[in-house]
1. Which Cα, out of Gly21, Phe46, Ala57, lies furthest along the positive dipole direction of segment 2-158 (beta carbon charges, K/R +1, D/E -1)?
2. Between segment 96-153 and segment 46-61, how far is it from one alpha carbon centroid to the other, in angstrom?
3. Determine the dipole magnitude for segment 20-81: charges of +1 sit on the beta-carbon of Lys and Arg, -1 on that of Asp and Glu, nothing else is charged, the reference point is the Cα centre, and the result goes in debye to the nearest 20.
4. Take every Cα pair under 8 Å in segment 2-158 that's 6+ residues apart, average their separations, divide by the length, and report that relative contact order as a whole percent.
5. Once you sort the root eigenvalues of the Cα gyration tensor of segment 76-128 as a ≥ b ≥ c, which label holds: rounded (a/c under 1.5), prolate (a/b larger than b/c) or oblate (the other case)?
6. Can you tell me the FRET efficiency between Arg35 and Leu143 if r is taken as the Cβ-Cβ distance and R0 is 25 Å, rounded to the nearest 0.05?
7. Can you give the direction-averaged projected area of the convex hull of the alpha-carbon atoms in segment 2-158, in nm²?
8. Rounded to the nearest 500, what is the chain's calculated 222 nm mean residue ellipticity when only DSSP H runs of at least 4 contribute -39500 (n - 2.57) each, over all residues?
Amino acid sequence: MDELVFARVLHVLGVVLWIGGVAMVTTVLLPTLARMPSAIEAMAFFEQFRRRFAAQARISTLFVGVTGFYMVYVLDAWQRFTQWQYWWMHTMVFIWLLFSFMLFVMEPRGRRQQAQAPAQTNISADTFAIIQRKHLKLLLLSLLTIAGAVAGSHGWLISGN
Ligand code: HEM
């Protein structure tokens with residue numbers, strides 16, 4: 001059982017680093033950038049920031065995925081994916097897949113395209129508002145999932161199952 005506890009600790013630490021970063025970007029960084037006088041300079045800063053965060057988030061997502069599936073295996077909890085009371089198991093995997101796709105496929109692709117194309121000039125404060133809205137949706141879904149996962153893991157399931 002010690003291995004399960006250890007996996008749980010690493011799982012939660014990975015979640016904190018990763019979703020905590022998403023929260024900071026959404027609620028602090030993006031609103032600040034939207035108010036900067038030069039949207040082009042703000043975007044250049046954001047791109048650098050995002051690249052660095054993506055490198056860290058890639059490691060956290062790997063930790064979360066490996067420890068998550070390890071726990072499913074040790075708990076032999078595969079059947080939960082067929083029960084709606086464990087909706088938070090589905091959303092955990094969904095969020096993980098979504099972020100993994102963005103971090104391992106979209107982000108490197110965007111970086112390659114940016115290296116080839118000239119700097120964009122059609123950037124405005126609205127660009128940051130759009131990016132912020134997308135981040136906010138992901139953040140809210142992540143927070144809901146974290147709440148459901150903590151409650152569910154500790155026995156608080158809908159319909160008392
Ligand atoms: C491949 C993706 C993932 C898998 C397979 C997975 C699997 C698991 C499993 C099996 C547990 C333990 C459940 C139990 O003890 O009954 C767990 C707990 C938890 N997971 Fe995930 N998870 C994944 C991704 C995520 C993500 C993306 C988040 C955050 C958005 C997350 C947040 C949590 C939290 C907060 C707990 C509760 C820890 C506790 O209070 O003990 N997981 N996860």
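1. About the Cα centre, the residue reaching furthest to the positive side is Phe46.
2. 11
3. Taking the Cα centre of segment 20-81 as origin, the dipole is about 60 debye.
4. Relative contact order for segment 2-158 comes out at 38 percent.
5. oblate
6. Efficiency computed from Cβ-Cβ geometry: 0.50.
7. So the mean shadow area of the Cα hull is 10.0 nm².
8. Taken over the chain, the calculation gives -25500 deg cm²/dmol.
Every number here is computed from the coordinates shown, using simple stated rules; none is lab data. The shown structure was predicted, so the numbers you read here are calculated from the model rather than taken from an experiment. Cβ coordinates were reconstructed from backbone atoms using ideal geometry, including for glycine residues, and neighbour counts include every protein chain displayed.
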